[in-house]
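One structure is given below, encoded as structure tokens.
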Amino acid sequence: MGKLIPNTFNLIVVIAAALGSTCCSYGMSVISSTIGQPSFYLDLNMAPHGEPGYAHTAQLIGAMNGVNSAGSALAAIFTSWTATKYGRLRSIQLGCIISVVGAALCAGSVDITMFLIARFIAGWGVGMLITIIPMYQAEVSTPESRGFMVSMHGIMFAMGYSLSAWIGFGCYFVSASGSNSSFAWRFPLAFQAAPALLLLAFSPWLPFSPRWLLSQGRLEEARSVLRRLHHRAEDAHEIQANKEFYQMRKQLELDRQITTHTTWYEIFATGPNRRRAYVGFSLMFGNQLTGVLIIANYGVILYASLGMAKFMPLLLSALWVTLSFPGNIFTALFIDRIGRRLFLLIGLAGLTITLIFECAMQARYLGTSNSAGQKAAVYFIFQFIFFWSTFIDASQYLYLAEIFPTHVRSQGMAVGMFGLYSGAIILLCAGPIALDKITWKFFLVLIIPTFMHFWNVFFFFPETKQRSLEDINAAFGEQVAVHYYGATAEEEAQYAKAIAAEEREAGEPVDLGSMVKPEKEITAHHVEKV
């Protein structure tokens, strides 16, 4: 684990930031348990499932998710500005504040209009946090540990989904006992504020992103933060951290020579950036078209249609999201070894096959009395979460956060997250209506784009494992000022001279011999890493 965790402080920073990830997933999925509470329909004057007027309710449920995703999509664009202007950390803090306000308004809603406005505000907070947190985690991680560290976003995402599902399941029994109390749906909505408040409380002790500090000309502060984040017990002279800082500084200088001023449309200004924008947008948009949010948000409706009654739909939804934990942990432990591209390809292939079987089971057994066939359909819904959580969930945020250079990373994250919420708006608005009107045929709509997305990743997505964020430029056809991954003997010597000069200026001379490896040793070392 030493290679995955350079020091305790780095891990604490990444996990603390991931409290915002829990807030995001909780806020995105809380509607799933909300629509399973009978008192919710009663308090907001809506017809429940199976009763006259439910067609209008289905439209309102779609609108609840639609306005939430719309808020998140607009917030992603807004965050591309705040992250550059005021920094990653300040954007996290603002996202937390808005999430708390949104949660309070959702929980206190007295009619459907207020609830829809509150869902938009809550979605804005989620959109800011989900855009900025993987970026922040990637920028504070070492090249060797970035996959593990950013996967904390996926693990804590699973935490939010699980909390939402189990709290909703527990609150169901308030209604099951015969009570019409609105606590059953108000408390779960209010609880969204809890992880946001925790992160806000921790945030004064979190460091600014060293790459953002460097882009602001705060060189000494950036160097100090990077050394603290990337200190290794076996590296007393901070050689690796100094190498990283030197590469970051040289790459920023090179990027500024190419682009003297970063405009709001810089992400579309050059061929490599346009390719990155396409990869980022299509990654997140395509992943949503697999239907993951349909199951996460409307699982209660799916299970009810497959013959599950009373508390069983809520229980199955809670079990479904809880099973995402092992998959995300697997990603954290092995994605730096196996690679992002292979993870995505395995996941999309598995999801395509799973959706085909799910569609077949529902086509044959939906609306029948064949409980065995209906249980088989439920099984494939659970097989879906295996492939999603193990190969897609954390991998997508990691890949999106690392493919963009520092000066346009916030813009790139915004493009990717806009893709996510564009797909979410389409599916979540159409989902409840489609499940009510065309039932199993809706899965045909998911199979084809998932299959096509597999080939999109296969042909257009380069591998990025074990590269520094600056090294990844080469994968998109851009120049790297000096390589960290696979550095030549000449580049190692360049590192040694530059770092020694900086240390002498600071009054801490370093032995050049301890920093320069023979060329054969360098080659052998990087062959082993590959």
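The values are calculated or read from the model by the stated rules, or taken from the named source; none is laboratory data. Keep in mind the model is a prediction, meaning the values are calculated, not measured. Backbone-built Cβ (ideal geometry, glycine too); neighbour counts: all protein chains shown. Surface areas here come from the heavy atoms of the whole protein model, side chains and all, with no ligands, DNA or RNA. Shrake-Rupley method; radii C 1.70, N 1.55, O 1.52, S 1.80 Å.
Any residue in region 169-190 that's open to solvent by 40 Å² or more (accessible area, probe 1.4 Å): show its pairings with residues that are among the basic types (Lys, Arg) at Cβ separation under 9 Å, as long as the two are six or more apart or on different chains.
The qualifying pairs are Ala176/Lys310.
Can you tell me how many residues in region 125-171 are among the polar types (S, T, N, Q) and in a loop (DSSP other than H, G, I, E, B)?
3
From the list Glu221, Glu244, Glu253, which residue is acidic (Asp, Glu), assigned to a helix (DSSP H, G or I), at pLDDT 95 or above and more than 24 Å from the chain's Cα centre (by Cα)?
Glu221
For the list (1) open to solvent by 10 Å² or more (accessible area, probe 1.4 Å); (2) in contact (Cβ under 8 Å) with a residue 12 or more places away in the chain, I need the number of the one condition that Gly50 fails.
For Gly50, the exception is condition (2).
Name the single residue, out of those in region 309-368 being touching an Asp or Glu at 6+ places or on another chain (Cβ under 9 Å) and not basic (Lys, Arg), that is most open to solvent (accessible area, probe 1.4 Å).
So, considering only residues that are touching an Asp or Glu at 6+ places or on another chain (Cβ under 9 Å) and not basic (Lys, Arg), the one most open to solvent (accessible area, probe 1.4 Å) is Leu342.
Do we find that Asp255 is charged (D, E, K, R) and touching a Pro at 6+ places or on another chain (Cβ under 8 Å) in this structure?
Yes.
Of Phe418, Phe458, Phe386, Phe454, which residue is open to solvent by 30 Å² or more (accessible area, probe 1.4 Å) and within 14 Å of the chain's Cα centre (by Cα)?
So the residue among Phe418, Phe458, Phe386, Phe454 that is open to solvent by 30 Å² or more (accessible area, probe 1.4 Å) and within 14 Å of the chain's Cα centre (by Cα) is Phe418.
Give just the number: which of (1) hydroxyl-bearing (Ser, Thr, Tyr); (2) more than 24 Å from His153 (Cα to Cα); (3) out of contact with any Pro (no Cβ under 9 Å at 6 or more places or on another chain) does Thr331 not satisfy?
Failed condition: (2).
Confirm whether Phe285 is touching a residue at least 60 places away in the same chain (Cβ under 8 Å) and open to solvent by 20 Å² or more (accessible area, probe 1.4 Å).
For Phe285, the condition - touching a residue at least 60 places away in the same chain (Cβ under 8 Å) and open to solvent by 20 Å² or more (accessible area, probe 1.4 Å) - is met.
Out of the residues in region 327-369 that are basic (Lys, Arg) and modelled with pLDDT under 95, which is farthest from Phe443 (Cα to Cα)?
Of everything passing the filter in region 327-369, Arg337 is farthest from Phe443 (Cα to Cα).
Mind checking which residues of region 79-90 are under 15 Å from Thr406 (Cβ atoms) and in contact (Cβ under 8 Å) with a residue 40 or more places away in the chain?
If the condition is that a residue be under 15 Å from Thr406 (Cβ atoms) and in contact (Cβ under 8 Å) with a residue 40 or more places away in the chain, then Ser80, Ala83, Thr84, Gly87, Arg88 are the ones that fit.
In region 205-218, is there at least one residue being open to solvent by 30 Å² or more (accessible area, probe 1.4 Å), in contact with a Leu (Cβ under 9 Å, 6 or more places away or on another chain) and part of a helix (DSSP H, G or I)?
Taking every residue of region 205-218 in turn, at least one turns out to be open to solvent by 30 Å² or more (accessible area, probe 1.4 Å), in contact with a Leu (Cβ under 9 Å, 6 or more places away or on another chain) and part of a helix (DSSP H, G or I).
Checking Ile77 against (1) over 19 Å from the mean Cα position of the chain (by Cα); (2) open to solvent by 30 Å² or more (accessible area, probe 1.4 Å), which test does it fail?
(1)
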